[in-house]
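As structure tokens, the structure follows; a few thoughts come after it.
The values are calculated or read from the model by the stated rules, or taken from the named source; none is laboratory data. Owing to the predicted nature of the structure, the values given are computational and were not obtained by experimental measurement. Heads up, the Cβs are rebuilt from the backbone with ideal geometry, glycines too, and the neighbour counts pull from every protein chain shown. Ligands, DNA and RNA are excluded from the accessible area calculation, which covers all protein heavy atoms including side chains. Shrake-Rupley method; radii C 1.70, N 1.55, O 1.52, S 1.80 Å.
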Amino acid sequence: MEQKTKVHAEEGKQELSISRVFEIPVHLLFRAYTEADLIEQFMGNTVLKLENKAHGSYLFEKKDELGNVLFRANGCIHSIIPNQQIIRTFEMENTSFPPQLEFLSFEEIAADKSELKVKIVFKSETDRDNQLKLPFEYGLNMAHDQLQHVINKLSE
Amino acid sequence: MKLRRDVFQAIADPTRRTIITMLAASAMTPTAIAENFDYSRQTISKHIQILTECEIVEQEQKGREIYYQLNPEGMKEIADFIEPFRKFWDERFNKLEALMKQQKPK
């Protein structure tokens with residue numbers, strides 16, 4: 001079976017591509033990336049700041065139940081075209097990872113089918129590989145918990 | 001998780017990826033592989049050598065001919081390396097999709 005989410009990392013390049021086809025219209029896909037309450041639900045982060053405009057910025061945070069900050073990321077929005085494109089930087093705070101440049105393209109395939117293509121450019125190939133090597137089991141567990149939580153809420 | 005740079009190197013090159021795809025269909029002799037390309041026999045041999053060193057491809061002697069075939073273990077290492085990262089995003093995107101299907105049109 002073909003995988004919905006594809007990740008491509010080429011040797012000798014400091015970039016990474018992620019693509020995914022969604023069974024939703026492109027305007028809904030774009031909304032998921034530009035409305036704070038929706039971002040909070042699928043990313044599992046709190047949105048402290050989100051300015052959807054050129055030269056705007058954003059700040060996301062994730063705290064544990066005791067209020068300890070687990071994850072904090074910020075970036076600048078370079079350009080934004082509704083239902084088409086977001087170009088932004090992304091930086092995880094308090095880590096050794098340098099900021100990265102992200103090109104998000106939103107494409108309509110059909111009336112209720114769309115594709116997200118994300119191209120990330122890293123400072124170096126090593127930085128990219130380190131990102132890929134991150135122990136994602138932790139993130140996966142959090143994602144599973146969050147997914148369960150969202151499903152529970154939807155079925156209430 | 002250990003970074004297998006050698007395995008990455010093997011799949012980075014488009015010619016080597018084509019060879020992998022061909023061998024996924026069936027085991028082939030070096031001559032048969034080379035016939036599919038415009039490159040010299042030496043160039044193709046070099047690509048096969050890299051794939052063999054990275055243990056993605058293995059050779060088997062059948063009579064007088066050497067056949068190359070995919071080594072399932074080597075292929076699995078490529079998938080293992082990138083799979084947790086891919087899964088992380090897949091989960092996130094599944095959640096996005098489920099969430100947006102519930103949205104009322106504005």
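For the stretch B:17-48, backbone nitrogen atoms closer than 15 Å to the point 7 Å from residue B:62 Cα along Cα-to-C-beta are found at B:23-33. Averaged over peptide A:4-14, the number of partner chain Cβ atoms lying within 10 Å of each residue's Cβ comes to 5.
State whether the stretch A:1-101 is rounded, prolate or oblate according to the following rule on the C-alpha gyration tensor (a ≥ b ≥ c being the square roots of its eigenvalues): a/c under 1.5 gives rounded; otherwise a/b larger than b/c gives prolate, and the remaining case gives oblate.
On the way: a/c = 1.36, a/b = 1.18, b/c = 1.15.
Here the stretch A:1-101 falls in the rounded category.
Of interest is the spacing of the C-alpha centroids, which for the stretch A:55-85 and the stretch A:13-52 amounts to 10 Å. Could you name the aspartates and glutamates in cross-link range of residue A:119, using Cα to Cα under 19 Å and dropping any fewer than eight places away on the same chain? List returned: A:10, A:11, A:15, A:91, A:102, A:107, A:108, A:127, A:129, B:83, B:90, B:91.
Say the cut-off is 30 Å between C-alpha atoms; which of A:6/B:101; B:62/B:87; A:13/B:101; A:123/B:101 go over it?
Values: A:6/B:101 21 Å; B:62/B:87 40 Å; A:13/B:101 36 Å; A:123/B:101 36 Å.
Too far apart for the 30 Å limit: B:62/B:87; A:13/B:101; A:123/B:101.
On association of chains A and B, roughly 3700 Å² of accessible area becomes buried (total for both chains; probe 1.4 Å).
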